[in-house]
Every structure is written in structure tokens, then in C-alpha cells.
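What follows is a set of notes on a single structure, which appears directly below.
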Amino acid sequence: MSPPWSVCRLETHSDGRGRLVAVEAGEPHLPFEIRRVYYIYGVPAGQVRGLHAHRKLQQLMVAVSGGLDVILDDGRRRRRIRLDDPTTALLVPPMTWREMRDFAPGTVCLVLASAPYDESDYIRTYESFRAEAAVLATGAVS
Ligand code: TYD
């Protein structure tokens, strides 16, 4: 079975003035209405971000400058994906544990999100995440 997250290529409009990438809700790689945009930058070498999962939130992540590793875990499998290209987007579905590591200097990571910030949507420990994911998996097969 393929993992629930996906990496897609964003169309680039290039001409003599440079390059432009547009992301619009409704396109296959963005299956949600954008309710929030944030970006992460100024991450010191060696720092780790993320270390949580969301119960409902969907996100699309793009390293618009620099690069970082995103480790994704759905409770059954774990993958490390390098985002280092402003034309590559990573769709992170709900119930995905994520860790963001190995930020290159000058990295700016843009995140498009399906809902406003909501602390109650966060799962903050890996143990809690595994437990909730296991309950959902059990419900899905019964
Ligand atoms: P945090 O969730 O720790 O960031 P990361 O997942 O990258 O490690 O968020 C850092 C701070 O920013 C924290 O105080 C919550 C706040 N924050 C908002 O106010 N709005 C947001 O949309 C996000 C993502 C975070």
C-alpha cells in the first residue's frame, strides 16, 4: 500500500524575468481550501521542529528556499523526504507524525494549511500518536 503522504511537482512559469509558481486550491496536489499560511525560517543548524501530529489538519509544505528533511510516520511506516526545491510540494495528511530536521542555512519552508491554528488538534507525543493511530486502524478494519 502506498503511503498516505505524497510529493508532487508544481508548475513553474519561467521567462527572462525569473520564475513563478502558483498554488491554487482545487488542484490535485492541494485537496483542501487554504485557511492558514505560515512559514518557518531562521532555523539554527541542528535544530529540530515539528515532533507532533495533527488529528484533522492537512498541510502542503514547500521549501521555497534552502532545504530540510521531513520525516513522516503514519504509525506503520516511516520515510525521510528531502525538500530542497521550490517546485516540489509535500502533502501531509492528518494523523501523520512529522519531524523536520537538517535545515540548510537560509531555509524558508512555506506551509499551507486546511484550518486555523488549533492547539486541540495537536498530538504532542509519539506514544500518544501511536496509540491514537492504532485505535483508528482497528476501527477501519472492523
Ligand atoms: P510549533 O508548533 O512549535 O512549530 P513547529 O511545529 O515548526 O515546531 O509553533 C511555534 C509557535 O508558533 C508556538 O508558540 C505556536 C505558534 N504558532 C502559531 O501561533 N500559529 C501557527 O499557525 C503555528 C503553526 C504556530
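Values as computed for the structure displayed
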quantity	calculated
Environment charge of Leu68, counting only residues whose C-beta is closer than 12 Å and scoring Lys/Arg +1, Asp/Glu -1	0
Label-point gap, in nm, between Met1 and Thr87 - each point 7 angstrom along Cα→Cβ	3.4 nm
For segment 94-142 and segment 3-71, distance of Cα centres in Å	14 Å
Crossing angle, helix 126-141 versus the chain [Cα axis fit, 0-90 degrees, rounded to tens]	70 degrees
Packing-based ranking, highest mean first, of 19-25, 96-102, 131-137, 84-90 given that Cβ atoms within 10 Å are counted	96-102, 84-90, 131-137, 19-25
Segment 43-77 residues near the modelled Ala137 label - backbone nitrogen below 14 Å, point 7 Å along Cα→Cβ	73-77
Positive-end residue of Val21, Gly67, Ala115, charge dipole of the chain with Cβ unit charges	Gly67
For segment 2-74: Kirkwood Rh in Å [reciprocal of mean 1/r, alpha carbons]	15.0 Å
Net +/- balance of residues flanking Arg35 in space, Cβ distance below 15 Å, scoring K and R +1, D and E -1	-2
Local electrostatic count, Ala115, Cβ distance below 13 Å [Lys/Arg +1, Asp/Glu -1]	0
Calculated over the chain: convex hull of Cα atoms, volume per residue (Å³)	123 Å³
Where labels lie 7 Å past Cα in the beta-carbon direction, separation of Ser120 and Tyr38 in nm	1.8 nm
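Bear in mind these aren't lab numbers, they're just calculated from the coordinates by the rules spelled out. Values in this document were obtained by computation on a predicted structure and should not be read as measured data. Neighbour counts run over all protein chains shown; Cβ positions are idealised from the backbone, glycine included.
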